[in-house]
Amino acid sequence: MMITYYAGAADAAGTTSADLDAGPLTATEVIQRLGAGNPQLSAVLTHCSLLVDGRTVGDPSEVIGSAARVDVLPPFAGG
């Protein structure tokens, strides 16, 4: 799974991208794995939206495949 972080999520992660070596996971499990061991990122992830292959994930139980591209988008201010 290719993870791309944006804005505050990238700052908290300390990187703009990462590979998550995992089989299919729910959106909730992806968030838990990404935040494991990084309390700052874990806190930011509670406010983020996930895009999977360009599509917004609305259901935390949605299964995300291991070959998916996941964009982690924190809330953006401004217009």
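Taken together, the values in this text are just the output of simple stated rules run on the coordinates, not laboratory data. Here the structure is a predicted model, which is why all the values come from computation and not from measurement. When we count neighbours, we look across all protein chains shown, and the Cβ atoms used for this are built from the backbone with ideal geometry, even at glycine.
Descriptive notes on the structure:
- Taking every Cα-Cα distance in segment 2-73 and sorting them into 5 Å bins starting at zero, the pair-distance distribution P(r) comes out as 4, 18, 33, 28, 15, 2 percent.
- Sequence of T28, T4 once ranked by neighbouring C-beta atoms within 10 Å, starting from the fewest: T28, T4
- Computed [θ] at 222 nm, helices only, for the chain once each DSSP H run of length n ≥ 4 contributes -39500 (n - 2.57): -7500 deg cm²/dmol
- Each Lys and Arg contributes +1 and each Asp and Glu -1, all at the Cβ; summed about the Cα centre of the chain, the dipole is approximately 100 debye.
- Beta bridges per DSSP with both ends in segment 2-73, % antiparallel, nearest 5: 75 percent
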